[in-house]
Amino acid sequence: MTDITVEKIAAEAGEEISTVGEIPQSKLIWMRFSRNKLALVGGVGLIIMYIIVALGPFIASNHFRNQNQDYLYGPPTPVTFRGADGRLGLRPYTYEYITRLDQESFKFVFDFDRDTRLPLEFFVRGDEYELLGFIESNVHLVGVQGEQRFYPLGTDALGRDVFARLLVGGQVSLTVGLVGVALTIILGSVMGTISGYFGGAVDDVMQRVIELILSFPTVPLWAALAAALPPISRSFTAIHRFFLITVILSLVNWTGLARQLRGKVMGYAESDFVMAALAVGASDARIIFVHMMPNASSHIIVVAALAIPGMILGETALSFLGLGILPPAVSWGSMLTQAQAVPVVIEHPWLMTPGIAVVLAVLFYSFLGDALRDAADPYSI
């Protein structure tokens, strides 16, 4: 007896068979994600940012801690492509600068000698540094030979390279967001799901704890946590403080996610997949971690992507309290402390460049979070 299949019948009729049901869900998720152009912009932008900050000591022309007392609050070093003969070329040049004291304002003034051009060279040897924390080198991507220094984004009050500090500070700020959000997601997801699933006394206790945490103003609560630390915390290294920041931010920020997941889980309580799991004798832990939390994954992903900028801003607030990143370490938050006064920003606007970096990170994570939310549920309209 001849086997007659749907494929043979369709082939004889000249019709195509839909394979929508045969496409794996992972491929559907990627197809929906890739169609979002802003998501690709956010993803590529974040990848570029993380690569640049990881290679920061090599890309910058100077070490982020070195001070130039002759270039305090120095403006960005100008770059030109006109050679000594006045013709345009492909080779970049900078100018030699002269520092003098203004007798009327008692401020340093920097005059650039437009007739003296210094060529910018690639792979120049300069200040020693450790790349990725263990590769020792003194080769920088671009720089100037001799005593002249190249500051593409100017210097701060102590004559330190803002561009170098921006790149090295990004290593801390961007990583604080990732680690802090990871702890927040773990704590908020577990607590919120348990609260919504069990209900009763468990739910009441957890909700009262969440309300207690939310009732405190954020800054005083951080100050209280800082005051509760043991005296040995004063001798913490930069790594210890980094871990401490992520823990404190996570202890405060998990409440919002927990409340949102509680509402979702309470909506799942009467769902068919939960009833089926209970009918076959699945344990509470299996229902929570295998059935309920994966169904709320789209919401968790969005909250995670959008919470990272909040973590970065939280690190800024902790720096004001003396609990954040302290000198000689650097972060975007600690750099922005120099731009608090309006007159300083007006006279030295390049000190606001860490704020631009924060804005870009927020936008990229927002684009990525919105796209991941839609892609995590590829069957929705």
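The values are calculated or read from the model by the stated rules, or taken from the named source; none is laboratory data. Model, not experiment: these values are computed from the prediction. Cβ coordinates were reconstructed from backbone atoms using ideal geometry, including for glycine residues, and neighbour counts include every protein chain displayed. These accessible areas exclude ligands, DNA and RNA; they are computed on the full protein's heavy atoms, side chains included. Shrake-Rupley method; radii C 1.70, N 1.55, O 1.52, S 1.80 Å.
Please report the carbon-and-sulfur percent of the accessible area for region 23-181; probe 1.4 Å, protein heavy atoms only, DNA, RNA and ligands left out. Taking all protein chains in place, region 23-181 shows 59 percent carbon and sulfur surface. Accessible area per residue for region 69-126 is 71 Å², calculated with a 1.4 Å probe on protein heavy atoms, without ligands, DNA or RNA. Dipole magnitude for region 99-194: computed about the Cα centre from +1 point charges on Lys and Arg Cβ and -1 point charges on Asp and Glu Cβ, it is near 280 debye.
Taking Cβ atoms as reference points and 13 Å as the exclusive limit, the residues near residue 137 contribute a net charge of -3, counting Lys and Arg as +1 and Asp and Glu as -1. Distance from the alpha carbon centroid of region 177-219 to that of region 33-105 works out to 43 angstrom.
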